[in-house]
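Following: one structure in structure tokens, then a few remarks.
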Amino acid sequence: MTETERVFLLILMINTVVAIVYFLYNQWYHRKEERHVVAYLMRTIVMLLCPVVGPAFFLAGHMIYALFFRQDVDLEDVIFSKDRVKTYLRANTEQERNVVPIEEAMAVSDRESLRTLVMNVVRGNVQHSLASLALALNSEDTETSHYAATVLRDVLNDFRQKAQELYLAMNEGGKEGPEYACALIEYMNAVLVQEVFHDMEQITYVTMMEEACDYLYEKDYRQLKAVYIEWLCGLLLRIGEYERLRRWCFRSRDLYPDELSSYTCYLKLYFTIGDKKGFFDTLNRLKQSDVIIDKETLEMIRTFG
């Protein structure tokens, strides 16, 4: 056996002894933690299969960790509590800084701000920003108006399809009919209140929403919420259907005599058609009632009362 071979065997023996001692020590030290025992077993196998290189690799890693990464944990700001903590995200100042109202952006021909605003609107809940997109159609910037028209067309087409599906499901009857009617009213109001359709189409969909309210009134009036009637009255007022509006005002007062909307719907009707007697009679009844008044109605009482 040559000198070189004897040195090689000596290195193998030393490497084997180091690996076995390393494994036995860690197996004893971490005997209660199974996951650590398995981890050190794998390291021992690496050290046996890679003499010198394996131990040197793990030793170097341990030295680097000890020198540069190991440090005491600062627990001064840590709160050990089960109380729920509410966190606040910082505002996107870069985005907010570049956004102005559409009216202002169009007034000063600020194409960059207008495009940024349209993009931010599209990223959010588009269904509740249709009026802003409709306003952007009048922009002199062809790119902005084209993009707004494309998005508005897609959203309105989706609205037409879903509204028709809900309407048909409601008319099929059954126990779920009132639920479909409620879903239809809530879905349609969110779009119709923004007045993005042409007059005839707006009237058609308001009539469809009124049919859903009629369905609830006849099938299960308990699901016909006061706010549903208030929404419908507002839409009927905008399209000038005063007689139909009067009928729903009566139903609102009949079903919900203690709701503020039962008074405000009448007030808006009488004010629009110029019925002073009806307006002030309703206003006086509201003042004498125990109904809780909101800020807008309070200002009305202060102005006319």
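Among the residues of the range 272-305, those identified as of a type in the set (Gly, Ala, Ser) and either at pLDDT below 90 or part of a helix (DSSP H, G or I) (or both) are GLY278, SER289, GLY305. Please go through the range 157-205 and pick out each residue that is closer than 14 Å to LEU235 by Cβ and not aliphatic (A, V, I, L, M). Within the range 157-205, GLU186, TYR187, ASN189, GLN194, GLU195, PHE197, ASP199, GLU201, GLN202, THR204, TYR205 qualify. When GLU165 is tested against (1) crowded, with 20+ Cβ neighbours inside 10 Å; (2) modelled with pLDDT of 85 or more; (3) over 21 Å from ILE229 (Cα atoms), exactly one condition is not met: (1).
The values are calculated or read from the model by the stated rules, or taken from the named source; none is laboratory data. Since we're looking at a predicted model, the values are computed, not measured. Using ideal geometry, Cβ is built from the backbone for each residue, glycine included, and neighbour counts are taken over all protein chains shown.
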